[in-house]
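Report on one structure; see the data block that follows.
The values are calculated or read from the model by the stated rules, or taken from the named source; none is laboratory data. This one's a predicted model, so the numbers in the text were calculated from it and none came from an experiment. Methodologically, a virtual Cβ is constructed for each residue, glycine included, from the backbone with ideal geometry; neighbour enumeration extends over all protein chains shown.
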Amino acid sequence: MKTILPLLKRIAYSLMLLLAVIVLNFVLVHLAPGDAVTAMVGDMGGATPELIAELRVEYGLDQNLPTQLFKYIAKMVRGDLGISFTHNLPVIDLILEHLPATILLVMTAFFMAILIGTVLGIIAAQRPNSLFNHLITVISLSGYAAPVFWTGLMLLISFSYYFPIFPSFGMETVGFRGTFLEKTFDVLKHLVLPAVTLASIYVAVYSRLARASMLDVLGSDYIRTARSKGLSEKVVVYKHALKNALLPVVTMAGLQFAQLIAGAVVVETVFSWPGIGQLAFNSILRRDQPLLLGILFLSTIMVVVTNLITDFTYRILDPRIK
Amino acid sequence: MRQEPLLQVKGLCVEFATRKGNVQVLNHLDLHLDPGEALGIVGESGCGKSMMALSIMRLIPAPPGNISAGQILLNNSDLLQLNEKQMQDVRGNEISMIFQEPMTSLNPVFSIGMQVSENIRRHQSATRAVAREKTIQMLKAVGIPVPELRIKQYPHELSGGMRQRVMIAMALSCQPSVLIADEPTTALDVTIQAQIFDLLKQIQQDMNTSIILITHDMSVIAEFADRVAVMYAGSKVEEGLVRDIIDNPHHPYTQGLIRCVPFLKKDPGTEREELNEIPGVVPDMRLIGSECSFAPRCRYVMDHCHEKKPPEVQIGKKHHAFCWYLEEGK
Ligand SMILES: Nc1ncnc2c1ncn2[C@@H]1O[C@H](COP(=O)(O)OP(=O)(O)OP(=O)(O)O)[C@@H](O)[C@H]1O
Ligand SMILES: [Mg+2]
């Protein structure tokens, strides 16, 4: 009960946040000049004013903004995200088709970055002045400083062209037939380069953070107490220090998740990864407002859910939060 | 017949590397602790009391610190010769320590039950259940009410005084022969201070544990200790039975220290004297060389105080001091 109540409160806040984001997204998207009809007419190479007006009526774009917003929210509550102008398919179907690929990519990169970053940071903290420490700093900062698309292209050139270890695009080999296990392996092979690219930005963040936090914790009084009990250095570092040092890492992970989704858009484009990133990119170009709004809505849900999870993880790690 | 000391510190030197060169934090320190005895260590802030304690535990942060010379003999075997693994078997088992800062000395993310029983399970082959029983027993012994419930609590749910009791329970859980208490009450309020000292006193008698009590408060020493060593700038300046030191301090620094505490004077009230202080400040440890480190503040200072280390002057049976002035006056 003690843990349920704050959780419910958090969920209520999250729902309110979600509503605010929906309204904000809607307004922002409609502030951008041009709409789906403008884009369509541009593709057609021009049209009569009558046809344009007709199209606007058909897509409901002739009504004023508050009415549109109200209708949109009313439909959304019923789980209807509208019809994509460009694909002529329900937005929800399009998103559900592309979402698994994005979740796979983002989650892999997320855990890869946290795991590799934290491990490197902890090793570096135990030998603050070693060559290994400086090496980690240089490599992880390069990953951080380089633009994502550049890192992606370099990895593509290196490991797909010069050393053709990994496939260069997509999520599956076209026309691939095999058992479930073989298919899984095929997907994993496609996943390596995009995930490494996306993770590379964040490895530096987590390794620096874990290192600083570990150094701080290792100098604290309770670590001296742990040593004074005769505990081995392993137990002192990996039990007493680590649990404390992870707290800032978890906080950071929650904060950074939104940026990770943003990074996924670029990575998916570089590697032709069939996720919602590509879908979002195209929907912006084509002024496909229902689709774009649907994608933004779903990304918001993902971020809110991750924040709830990190919040909960934090509660488990730190008994002081009640 | 003279008893063998339980613990002996011989010629202990500790250095810290700093950006401006090496600092000699302890300077050829000699101490000994007899079985069942309570030895007090007094001295101003920064004189090296905590460093002395951490040296015995071999917990000096290295680098930058290191023990550059000396011996620390526990039952005549030198702790400085042990490897790290052997030393870990000594810590928390034969020698335990409680620290100055009860608020931060317990790990915030583990329950106190786990933190106490961890010490027991580290040194004794006890099952989880046995260790738990023993933990409850120890918490009860240090005066923590309803220990069965307390073991599930986390440090932030306990007051400072309670936390220090938990530290004491942890330190004593394997019946160590030596307990080092480094200013265990500095961070606590006065009534709690008295309770903690009563507890330590009782433990010393019940468990026959020898205690090294570090403090900068002479009145605590008067209450608690059998013998006292007075430290100044990394060296011992005087040592003796508590009564001898308080009634008959010889070293100019000890005299100043005693005069700082009004109610310790033999006949309080007969003379109304301003509260005294020792003029000057503790010297920069980097500058300490081959002179008496107290010389710059000493009212009896003579020429060779600045030239050579002061000699040991025997005053009584167990009472000696290090001072040129006393040497001259013999
Ligand atoms: N990391 C360090 N680098 C350099 N000098 C240090 C370091 N740690 C401690 N010292 C020095 O060691 C000396 C002794 O410190 P110590 O903590 O033993 O003093 P103390 O007598 O316990 O004082 P207090 O009563 O304030 O606890 C101090 O003068 C301090 O400046
Ligand atoms: Mg101290």
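On the stretch given as segment B:35-56, residues that are touching a Lys or Arg at 6+ places or on another chain (Cβ under 9 Å) and either within 13 Å of ligand 2 (Cβ to nearest atom) or within 10 Å of B:His216 (Cα to Cα) (or both) total 5.
Elements of the type helices (runs of 4 or more DSSP H) sitting completely within segment A:147-243 and holding at least 2 residues that are of a type in the set (A, V, I, L, M) and within 14 Å of chain B (Cβ to nearest Cβ): these cover A:180-218, A:221-228. The condition of being of a type in the set (Val, Ile, Thr) and buried (at least 24 other Cβ atoms within 10 Å of the Cβ) holds for B:Val166.
Need the failing condition index for B:Leu106 against (1) aliphatic (A, V, I, L, M); (2) within 14 Å of ligand 1 (Cβ to nearest atom); (3) in a loop (DSSP other than H, G, I, E, B), just the number. Checking B:Leu106 against (1) aliphatic (A, V, I, L, M); (2) within 14 Å of ligand 1 (Cβ to nearest atom); (3) in a loop (DSSP other than H, G, I, E, B), the one that fails is (2).
Within segment B:175-194, which residues are within 14 Å of chain A (Cβ to nearest Cβ) and either under 16 Å from B:Ser111 (Cα atoms) or surrounded by 20 or more Cβ atoms within 10 Å (Cβ to Cβ) (or both)? B:Pro176, B:Val178, B:Leu179, B:Ile180, B:Ala181, B:Asp182, B:Glu183, B:Pro184, listed by residue number. Condition check for B:Pro35 on (1) of a type outside the set (A, V, I, L, M); (2) more than 9 Å from ligand 1 (Cβ to nearest atom); (3) not in a loop (DSSP other than H, G, I, E, B): one failure, at (3). Among the residues of segment B:296-330, those identified as under 27 Å from B:Asn22 (Cα atoms), within 25 Å of the chain's Cα centre (by Cα) and surrounded by fewer than 20 Cβ atoms within 10 Å (Cβ to Cβ) are B:Arg297, B:Lys309, B:Pro311, B:Glu312.
Remark: pairs (first residue in segment B:148-160, closer than 12 Å to B:Pro108 by Cβ and within 12 Å of chain A (Cβ to nearest Cβ); second residue among the aliphatic types (A, V, I, L, M) and assigned to a loop (DSSP other than H, G, I, E, B); Cβ separation under 8 Å; 6+ apart in sequence or on different chains) = B:Tyr154/B:Val109; B:Pro155/B:Leu106. For segment B:38-77, the tally of residues that are more than 9 Å from ligand 1 (Cβ to nearest atom), assigned to a loop (DSSP other than H, G, I, E, B) and away from chain A (no Cβ under 14 Å) stands at 2. Restricting attention to segment B:1-45, the residues being of a type in the set (Ser, Thr, Tyr) and either within 17 Å of the chain's Cα centre (by Cα) or at pLDDT 90 or above (or both) number 1. Within this structure, A:Leu260 passes the test of being surrounded by 14 or more Cβ atoms within 10 Å (Cβ to Cβ) and touching a Phe, Trp or Tyr at 6+ places or on another chain (Cβ under 7 Å). Among strands (runs of 3 or more DSSP E) entirely within segment B:147-245, having at least 1 residues that are of a type in the set (A, V, I, L, M, F, W, C), in contact with a Cys (Cβ under 8 Å, 6 or more places away or on another chain) and more than 16 Å from ligand 2 (Cβ to nearest atom) singles out B:235-241. Residue-level check: of (1) buried (at least 16 other Cβ atoms within 10 Å of the Cβ); (2) more than 10 Å from every other protein chain (Cβ to nearest Cβ), B:Gln115 misses just (2). With respect to B:Thr127, is the statement that it is within 16 Å of ligand 1 (Cβ to nearest atom) and β-branched (Val, Ile, Thr) true? Answer is no for this residue. Using the structure shown, decide if B:Arg58 is surrounded by fewer than 23 Cβ atoms within 10 Å (Cβ to Cβ), of a type in the set (Lys, Arg) and modelled with pLDDT of 90 or more. When the stated conditions are applied, B:Arg58 passes them.
Tell me yes or no: at least one residue of segment A:97-115 is touching a residue at least 12 places away in the same chain (Cβ under 8 Å) and of a type in the set (Asp, Glu). For segment A:97-115, residues touching a residue at least 12 places away in the same chain (Cβ under 8 Å) and of a type in the set (Asp, Glu): absent.
Assess whether B:Leu80 counts as being more than 13 Å from chain A (Cβ to nearest Cβ) and in a helix (DSSP H, G or I). It is true that B:Leu80 is more than 13 Å from chain A (Cβ to nearest Cβ) and in a helix (DSSP H, G or I). Looking only at residues of segment A:270-322 that are of a type in the set (Asp, Glu) and more than 14 Å from chain B (Cβ to nearest Cβ), we find that the one that is surrounded by the most Cβ atoms within 10 Å (Cβ to Cβ) is A:Asp288.
Scanning segment B:15-30 for residues being within 16 Å of ligand 2 (Cβ to nearest atom) and closer than 27 Å to B:Ile258 by Cβ gives a total of 3.
Among the residues of segment B:89-103, which ones are under 22 Å from B:Gln204 (Cα atoms) and in a loop (DSSP other than H, G, I, E, B)? B:Gly92, B:Asn93, B:Glu94, B:Phe99, B:Gln100, B:Glu101, B:Pro102, listed by residue number. Within the bounds of segment B:10-23, is there any residue that is within 15 Å of ligand 1 (Cβ to nearest atom), crowded, with 24+ Cβ neighbours inside 10 Å and not charged (D, E, K, R)? Checked against the condition, which is being within 15 Å of ligand 1 (Cβ to nearest atom), crowded, with 24+ Cβ neighbours inside 10 Å and not charged (D, E, K, R), segment B:10-23 yields at least one hit. Of all the listed residues (B:Ile203, B:Ile192), the sole one being out of contact with any strand residue (DSSP E or B) (no Cβ under 8 Å at 6 or more places or on another chain) and within 18 Å of B:Phe99 (Cβ to Cβ) is B:Ile192.
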